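Down below is the structure, laid out as structure tokens.
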Amino acid sequence: MNCDKLHCALVFCCCVSLVPRPSAGAQDPGQPEAVRQEAGTKGSARQPIPAEAELQDRLNRVMQAKSAGDVPGVAQASEALIVLGLRELAQLRLLQSAAPQAVKLYEQSLRFENSPETRVDLAIALLYANETEEAIRAANQAVQDDPKNVRAWNTLGKAWMMKSDYAEAARALYRAAEIAPDLESLYNLGISLLSTRDPADKARAPEVFQEMVKLAGDSGSIHVLFGRAYRDARDMSSAIREMRRAIALDTRTPHAHYFLGLAYMAQNEWVATPETRAEFKKELEFHPRDYLANYMLGLIASADRNYKDSDRYSSLAASVNPSAPDPWLYMGLNAYAQGNMPRAEECFRKAIVLTGEDNSRSNYQIRRAYINLGRILISSGRNEEGEPYLVKGREFQNKVLEDNRRGTAAHLLEEGADARNVFMPLTSETEEQAAPSHNTNADPFAKVDPSLLARASLTKEQKKQAEAQENQLRSVLAQGFSDLATSEAIRKDYAAALAHYQDAEHWVEAQPELMRNLGTAAFRAQNYGEAVRGLSVWLNSNPSDAPIRAMRGMAYFGLDNYADAAKTFAPLGVPGMQDSTVGYAWAVSATRTGELKHASEILAEYEKGKLSPETLLLVGQLWIEVEDYARSVAALHRALQADASLPRAHYFSGQADIRWQHWSEAADEFNAELALVPTDPDAKFNLGFVYLQQSKTDDAVELFRRVLVLHPDHVNSHYELGKILLDRGEMKEAIDHLEAAARLSPQTDYVHYQLQAAYRKESRIADADRELELYKELKAKSRERAAPQPVQRP
């Protein structure tokens with residue numbers, strides 16, 4: 001086996017590969033190259049299907065179901081398409097360092113298909129998003145669903161490692177190695193055994209490493225990995241032994257000299273000894289563009305005040321890894337120490353931008369960029385800009401001090417020229433060169449922020465490919481959700497259809513056809529706000545679509561937005577007025593907006609149709625609002641001709657007669673209503689009101705009392721009875737009824753006016769004055785509401 005290939009595969013698996021499950025059966029990119037080659041030699045019963053091919057295959061299944069008119073089949077095929085699209089996009093988000101979005105996408109996928117593999121992917125994404133507890137839960141669920149899932153056990157082990165619970169990690173990784181031993185699970189098992197601090201576990205670690213040698217063969221690269229494991233376990237003598245073994249096998253082994261130098265440094269309390277420098281330079285002799293060696297030599301030279309060499313090494317490191325902020329920080333410190341403030345400002349700003357939100361990396365070393373940049377800005381007269389940098393730098397400094405008080409071991413380069421030969425141990429982030437920076441935006445539908453993409457470890461060509469893949473997946477997901485929603489709408493599950501049309505909308509810019517379907521489903525689900533939004537998009541490009549216009553008008557009507565309803569209905573003309581649904585809603589809208597003449601025209605056209613008694617009842621009521629009482633009575637009598645026992649038809653005829661001041665006719669109508677429904681309190685009250693107009697006061701009082709026997713909370717009966725008793729001088733009972741009316745309807749101004757008059761006759765002046773003030777306040781508010789509103793200037 002080629003040693004360099006093994007190194008490339010293994011050097012990044014020291015903390016467990018977190019690359020998600022590959023697309024549609026492709027080989028797992030998280031497996032070391034050695035394992036892939038070994039599997040390839042054994043053959044495979046089924047060739048892996050590329051993701052693009054499987055996406056097309058699933059699209060074809062949707063089209064076949066649609067062509068066959070198989071509605072359940074469309075739903076099933078669409079869900080399968082959505083599952084794959086969400087998983088593929090989630091994997092892309094991880095490659096783009098957008099872990100929170102990947103988490104949401106995997107969670108959506110699991111709502112459609114409870115797949116152990118997808119749950120492992122979710123656990124991996126949660127690890128990237130630093131949601132370790134949630135990752136453990138997801139991985140545990142995956143191993144429960146599929147106890148032989150090696151990726152699940154490996155991911156569970158990695159999650160426990162991230163929580164520093166190495167005993168639990170070892171248990172999970174032992175299980176992974178039992179099922180299918182590979183370099184990844186064995187290596188992480190070895191790390192965990194070394195990290196438990198249990199001598200028995202430490203004694204078993206070499207056995208595990210020997211199993212790795214059996215799998216991959218003996219090589220310099222594999223001993224570099226062993227050395228790193230021992231170094232992380234703070235067993236420097238064993239780490240140095242393994243690095244020397246790597247060099248003995250092949251002195252050109254990538255990173256062998258670098259990590260040997262680093263181990264020497266660690267042994268010497270992070271002082272850069274001649275041995276350390278020699279090993280770093282030896283690394284560059286074989287690998288001139290090694291990021292780690294260049295970076296560390298630049299850092300050492302900076303501490304030595306050899307700024308020329310430091311800038312040379314740091315500049316090369318920055319060119320190798322453009323997303324790393326650390327070289328820029330030290331180039332800035334070099335420039336600052338030499339008094340080159342423009343260059344220092346440039347470098348500090350670059351370091352801050354590349355650090356992004358990952359300010360805690362390397363024990364908040366970015367604080368030095370903030371503090372020095374703040375000083376530069378203030379010294380050059382830019383106080384307002386500089387002060388926030390100083391404040392933030394001091395905030396990070398306080399965090400460092402707090403961590404140190406908690407016992408965090410950190411060796412930091414201190415500010416100033418005296419901080420020579422003091423170094424911070426490199427973290428795994430620095431060593432891996434391209435640790436992900438996590439986006440805090442968890443919106444699964446959003447595109448990745450360009451500033452985050454700039455820090456992702458993708459080449460220009462890879463970013464271009466990623467953009468093309470994203471556009472394809474967005475189109476696929478939009479189609480999948482739209483087809484699923486349509487199948488649900490056909491089955492009259494409008495709420496589900498609306499939700500999935502909304503999902504489709506998230507993946508593509510608003511398309512008129514999609515928004516028409518969304519609006520229609522929303523209307524059927526009685527979500528009138530969404531109906532208006534969706535149908536409006538369609539009507540903007542298809543204004544002559546009368547059915548959709550009618551539906552949008554009805555949606556406005558459902559929202560009690562009568563002005564926009566009437567405006568939407570207007571282009572429908574006479575056919576709209578005569579429509580069995582639209583005509584009535586249009587007439588009501590015109591009435592409620594004060595366009596009574598137009599409402600009368602609409603209602604007259606609407607009434608020409610063949611209307612049921614129940615509809616004529618509504619028409620009769622609306623004619624009352626239009627103030628055409630003759631037509632109201634005519635419509636209501638037509639309803640009674642069709643159904644003589646129709647409830648409330650006589651009642652509303654009486655209401656029209658009251659407004660028409662046809663007192664005898666009104667009394668007849670209310671008596672007729674009471675003959676049908678003897679207990680109707682409103683009919684009794686209105687009959688009593690008519691008796692008052694006919695000066696039959698005693699009859700009215702009797703009716704009001706009868707109403708209150710059965711309906712003691714009838715406000716109007718209390719009020720009218722209170723007024724009559726007030727006029728008769730029966731003050732106590734009058735006040736009782738007026739107080740009841742005021743209690744039941746506190747916002748009715750005239751009730752308070754009559755009550756104050758009653759109080760005043762009883763010499764209850766304070767109570768009377770209070771009620772009078774309430775009356776004036778309510779009356780003023782009423783006038784204010786009724787006043788015409790001023791025209792707002794644009």
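The values are calculated or read from the model by the stated rules, or taken from the named source; none is laboratory data. Please read all numbers here as calculations on a predicted model, not as lab measurements. Note that we place each Cβ from the backbone using ideal geometry, even for glycine, and neighbour counts take in every protein chain shown. Accessible surface areas use protein heavy atoms only, side chains included; no ligands, DNA or RNA. Shrake-Rupley method; radii C 1.70, N 1.55, O 1.52, S 1.80 Å.
Screening Leu95, Leu122 for residues that are aliphatic (A, V, I, L, M), within 21 Å of the chain's Cα centre (by Cα) and modelled with pLDDT under 95 leaves exactly one candidate, Leu95.
In the stretch 682-730, which residues are polar (S, T, N, Q) and either part of a helix (DSSP H, G or I) or within 19 Å of Pro746 (Cα to Cα) (or both)? Give the steps one after another, and end with the answer.
Applying the first criterion (polar (S, T, N, Q)) to the stretch 682-730 yields 686, 693-695, 697, 716-717.
Scanning the stretch 682-730 gives Asn686, Gln693, Thr697, Asn716, Ser717.
Restricting Tyr775, Tyr750 to those that are in contact with a His (Cβ under 7 Å, 6 or more places away or on another chain) and in a helix (DSSP H, G or I) reduces the list to Tyr775.
Checked against (1) among the charged types (D, E, K, R); (2) assigned to a helix (DSSP H, G or I); (3) at pLDDT below 70; (4) farther than 22 Å from Ala317 by Cβ, Glu431 passes all but a single condition, namely (4). Applying the criterion of at least 2 residues that are closer than 26 Å to Asp121 by Cα and either open to solvent by less than 10 Å² (accessible area, probe 1.4 Å) or without any contact (Cβ under 8 Å) to a residue 40 or more places away in the chain (or both) to the helices (runs of 4 or more DSSP H) found wholly in the stretch 141-220 leaves 150-162, 166-179, 183-195.
Residues that are surrounded by fewer than 23 Cβ atoms within 10 Å (Cβ to Cβ), within 46 Å of the chain's Cα centre (by Cα) and hydroxyl-bearing (Ser, Thr, Tyr): which helices (runs of 4 or more DSSP H) entirely in the stretch 262-370 hold 2 or more of them? Please lay out each step first, then the result.
Numbers: elements: 274-286, 291-303, 307-320, 326-337, 341-355, 361-364.
Fully inside the stretch 262-370 and qualifying: 307-320, 361-364.
Does Ser109 satisfy being in contact with a Lys or Arg (Cβ under 7 Å, 6 or more places away or on another chain), on the phi > 0 side of the Ramachandran plot and either polar (S, T, N, Q) or surrounded by fewer than 20 Cβ atoms within 10 Å (Cβ to Cβ) (or both)? It would help to see each step written out before you state the result.
Values: in contact with a Lys or Arg (Cβ under 7 Å, 6 or more places away or on another chain): yes; on the phi > 0 side of the Ramachandran plot: no; either polar (S, T, N, Q) or surrounded by fewer than 20 Cβ atoms within 10 Å (Cβ to Cβ) (or both): yes.
In short, no.
Assuming Ala742 fulfils every condition listed in (1) in a loop (DSSP other than H, G, I, E, B); (2) of a type outside the set (D, E, K, R); (3) closer than 21 Å to Asp769 by Cβ apart from one, which condition is it? Only one criterion is unmet by Ala742, namely (1).
Quick grid of which residues meet (1) at pLDDT 90 or above; (2) in a loop (DSSP other than H, G, I, E, B); (3) of a type in the set (Val, Ile, Thr); (4) over 22 Å from Pro322 (Cβ atoms):
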residue: Pro436; (1), (2), (3), (4): no, yes, no, no
residue: Lys447; (1), (2), (3), (4): no, yes, no, no
residue: Lys463; (1), (2), (3), (4): no, no, no, no
residue: Gln479; (1), (2), (3), (4): yes, no, no, yes
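On inspection, Phe652 fails the criterion of being in contact with a helix residue (DSSP H, G or I) (Cβ under 7 Å, 6 or more places away or on another chain), open to solvent by less than 30 Å² (accessible area, probe 1.4 Å) and among the aromatic types (Phe, Trp, Tyr). Please find, within the stretch 556-592, the residue that is nearest to the chain's Cα centre (by Cα) out of those that are open to solvent by 50 Å² or more (accessible area, probe 1.4 Å) and within 15 Å of Val626 (Cα to Cα). Among those residues, the one meeting the criterion is Arg592.
In the stretch 707-723, the residues that are on the phi > 0 side of the Ramachandran plot form no Cβ pair under 8 Å with any partner that is β-branched (Val, Ile, Thr), whether six or more places apart or across chains. All of (1) free of Cβ contacts under 8 Å to residues at least 24 places away in the same chain; (2) among the acidic types (Asp, Glu); (3) under 29 Å from Glu279 (Cα atoms) hold for Asp232 with one exception: (1). Among the residues of the stretch 719-756, the one identified as closer than 19 Å to Val701 by Cβ, surrounded by fewer than 20 Cβ atoms within 10 Å (Cβ to Cβ) and small (Gly, Ala, Ser) is Gly729. The single condition among (1) of a type in the set (Ser, Thr, Tyr); (2) closer than 30 Å to Leu173 by Cα; (3) open to solvent by 20 Å² or more (accessible area, probe 1.4 Å) that Thr253 does not satisfy is (3). Residues that are hydroxyl-bearing (Ser, Thr, Tyr), in a helix (DSSP H, G or I) and more than 29 Å from Glu595 (Cβ to Cβ) do occur in the stretch 489-507.
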